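What follows is a set of notes on a single structure, which appears directly below.
The values are calculated or read from the model by the stated rules, or taken from the named source; none is laboratory data. Given the structure is predicted, the values throughout are model-derived calculations rather than measurements. Here the Cβ positions follow ideal geometry from the backbone for every residue, glycine too, while neighbour counts run over all protein chains shown. Quick note on the areas: whole protein, heavy atoms, side chains included, nothing else; ligands and nucleic acids left out. Shrake-Rupley method; radii C 1.70, N 1.55, O 1.52, S 1.80 Å.
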Amino acid sequence: MSGLGRLFGKGKNAKNKAPTPQEAIQKLRETEEIMVKKQEFLEGKIQQELVTAKKHGTKNKRAALQALKRKKRYEQQLSQIDGTLSTIEFQRESLENATTNTEVLKTMSEAAKAMKEAHQHMDVDKVDDLMADITEQQELAQEISDVISRPMGFADDVDDDELLAELEEMEQEDLEKDLLNVGDETSDLPSVPATRVPAVPASKVREEIGRA
């Protein structure tokens with residue numbers, strides 16, 4: 001095994017098995033968490049050195065300068081970590097998108113296979129003929145329904161206007177009968193006497209009243 005092979009832990013018989021996308025994403029997330037904690041640590045150290053520099057100020061320039069130098073180093077490290085973290089986040093997001101696209105394509109491929117299997121025993125011409133038969137049977141059923149619901153017998157030969165005229169004639173006859181019946185009832189009443197009734201004198205009427 002060469003020195004380079006020993007350095008990376010690889011030999012002739014070493015397995016170069018690549019991690020699954022899920023494993024790689026998990027590793028990237030763990031690395032992100034470590035980098036974020038390192039960021040927080042450096043930010044705290046920067047604030048601490050800034051306070052130290054302000055504390056000494058011009059009274060102890062040497063100590064103040066040392067604090068500012070440490071602050072600069074921490075800021076450089078923080079800037080490097082920011083860049084590294086951005087790269088890791090971009091790589092993780094790209095891998096997540098690639099994994100999602102892979103799953104989507106896999107699902108679409110399975111759906112296409114299922115659709116092909118469903119259509120395997122179907123023929124367009126047969127479907128066309130079947131739909132034509134269904135349409136023909138529906139039209140036949142409608143014609144049968146129309147025939148069954150059609151009135152039978154002499155009803156087709158009778159004109160509605162003639163029936164209305166006959167009805168009006170019947171109503172007119174009933175009205176004339178009613179008028180004749182009214183005339184008969186008035187003839188049964190007592191007739192007015194032809195002779196004039198003699199008038200009674202007023203003096204005789206008063207006399208009859210006085211006797212009562």
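By how many nm would the segment from ALA132 to ASP160 grow when fully extended, if each residue of separation counts as 0.36 nm and the alpha-carbon distance is taken off?
Additional length available on full extension: 5.9 nm.
How many angstrom separate the Cα center of the range 21-71 from the Cα center of the range 126-140?
81 Å
Among the listed pairs LYS37/LYS69; LYS37/LYS106; LYS37/LYS71; LYS38/LYS59, which are separated by more than 28 Å between their Cα atoms?
Check vs 28 Å cut-off fails for LYS37/LYS106; LYS38/LYS59.
Just by accessible area at a 1.4 angstrom probe, what is the order of ILE134, ILE81 from largest to smallest?
ILE134, ILE81
From the square roots a ≥ b ≥ c of the eigenvalues of the alpha-carbon gyration tensor of the range 55-168, which class results: rounded (a/c under 1.5), prolate (a/b over b/c), or oblate?
oblate
Could you order ARG29, ARG62, ARG150, ARG70 by accessible surface area, starting with the largest, using a probe radius of 1.4 Å?
From most accessible down to least: ARG62, ARG150, ARG29, ARG70.
Under the rule a/c < 1.5 gives rounded, and otherwise a/b versus b/c splits prolate from oblate, where does the range 46-117 land using the Cα gyration tensor?
Judged from the Cα gyration tensor, the range 46-117 comes out prolate (a/c at least 1.5, a/b above b/c).
Taking the Cα-to-Cβ direction at GLU139 and at SER94 and moving 7 Å from each Cα, how far apart do the two end points lie in nm?
Result: 6.4 nm between the two label points.
From the protein chains alone at 1.4 Å, what is the descending order of accessible area for HIS119, HIS56, largest first?
The ordering from most to least exposed comes out as HIS119, HIS56.
Working out 0.36 nm times the residue gap between ARG70 and ASP178, then minus their Cα-Cα distance, what length gain in nm do you get to one decimal?
Using 0.36 nm per residue and subtracting the Cα-Cα distance, I get 25.9 nm.
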